[in-house]
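What follows is a single structure, written as structure tokens, with notes after it.
The values are calculated or read from the model by the stated rules, or taken from the named source; none is laboratory data. Because the structure is predicted, anything quoted here is derived from the model rather than measured. Here Cβ is always computed from backbone atoms with ideal geometry, including for glycine, and neighbour counts include all displayed protein chains.
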Amino acid sequence: MKINFQETTNDLLKRIDIHSQYGARDIDVWMLETLDLQPGIKILDIGAGAGKQCFSFYHHLKGQADITGTDVSASLLDQARIENKKIDNAVRFELLDFNQKFNLPDDTYDLISVCFAIYYAQDIPFTIGEMHRVLKPGGRLFSTGPMPSNKQVFYDIIREATGKAIPPMPGSSRYASQIYGTMQKLFSSTEQHIFENPLTFETAEPFMVYTRASMSEDRKLWNSLFETHEEFEKVMNQIENVARKRIERDGQIVMTKVVGGFIATK
């Protein structure tokens, strides 16, 4: 399955910043509590982007871990390497396309983390199979992604503004079904953990920063709503008008992120 997706450094970092500023809960704290990591662990982070999760693991374990971050985007890895210099390049960052066979040996890692990325895999059984292959026996695969009920208000506002149906999103349409089902088939045990984080916007501006970044980052997924820059700007204006009316009516917009954390043990 070919997924049309293009991630950019600026759009990704803007969304992360909005989550931290306007969210009620910290997803990194939840991840660390859920995983209960121990010093000395060997970690492979796939879809590492600008390295956020790698650095979270590093600081939590006080440097007592072997961490490698990988991504298909050279520009995001360049951003990660800039940050990595602040910790004396303690994390390794390498290019890796999870749609291709991993150039990594069998039975190597204690933990593979793949946060908000796995649902873009073209062939889910292949990609998860490669992750299974390079995990040690007893090793864990940890993934995060949007559940079907994720940020419904966001989609409601876009639907109201444009009068058009929301196109299928790879995350919410594939994650809880295809991804988890494949893990159940390949791994000896699996478990689900749910994280809910309400983002509260009392003005339209930060909501629109999030919306612009999200729809620009995933712009190939939204081509039923816009194709040109002019069409994109028209849609943004329509969405902003609806968002402002909702805030005038309700005093705020509360957009709840609903994330599934899946742990599969080899």
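What to note about this one:
- Residue list for the stretch 229-239, restricted to those being of a type outside the set (Asp, Glu), over 26 Å from the mean Cα position of the chain (by Cα) and more than 17 Å from Ile166 (Cβ to Cβ): Lys234, Asn237
- Only one of Lys101, Lys14, Lys62 that is surrounded by fewer than 21 Cβ atoms within 10 Å (Cβ to Cβ), part of a loop (DSSP other than H, G, I, E, B) and in contact with a helix residue (DSSP H, G or I) (Cβ under 8 Å, 6 or more places away or on another chain): Lys101
- Counted as qualifying within the stretch 151-266 are the helices (runs of 4 or more DSSP H) with 3 or more residues that are under 27 Å from Ile128 (Cβ atoms), modelled with pLDDT under 95 and small (Gly, Ala, Ser), namely 170-174.
- Just so you know, in the stretch 71-99 the residues that are among the polar types (S, T, N, Q) and touching a Phe, Trp or Tyr at 6+ places or on another chain (Cβ under 9 Å) include one that is farthest from Ser172 (Cα to Cα), and it is Asn84.
- Residues satisfying the stated conditions in the stretch 125-141, i.e. among the aliphatic types (A, V, I, L, M) and out of contact with any helix residue (DSSP H, G or I) (no Cβ under 8 Å at 6 or more places or on another chain): Met131, Val134, Leu135
Quick grid of which residues meet (1) touching a residue at least 40 places away in the same chain (Cβ under 8 Å); (2) in contact with a Leu (Cβ under 9 Å, 6 or more places away or on another chain); (3) on the phi > 0 side of the Ramachandran plot:
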{"residue": "Phe187", "(1), (2), (3)": "yes, yes, no"}
{"residue": "Phe207", "(1), (2), (3)": "yes, yes, no"}
{"residue": "Ser224", "(1), (2), (3)": "yes, no, no"}
{"residue": "Glu231", "(1), (2), (3)": "no, yes, no"}
{"residue": "Asn237", "(1), (2), (3)": "no, no, no"}
{"residue": "Val242", "(1), (2), (3)": "yes, no, no"}
{"residue": "Phe262", "(1), (2), (3)": "yes, yes, no"}
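- Phe142 vs. criteria assigned to a helix (DSSP H, G or I), aromatic (Phe, Trp, Tyr) and either at pLDDT 95 or above or surrounded by 16 or more Cβ atoms within 10 Å (Cβ to Cβ) (or both): no
- Of the listed requirements (1) part of a helix (DSSP H, G or I); (2) touching a residue at least 12 places away in the same chain (Cβ under 8 Å), Leu111 misses just one: (1).
- For the stretch 178-192, a tally of residues being in contact with a Phe, Trp or Tyr (Cβ under 8 Å, 6 or more places away or on another chain) and not polar (S, T, N, Q) returns 4.
- Taking the criterion of being of a type in the set (Val, Ile, Thr), under 18 Å from Ile41 (Cβ atoms) and surrounded by fewer than 16 Cβ atoms within 10 Å (Cβ to Cβ), the only residue of the stretch 73-98 that qualifies is Ile87.
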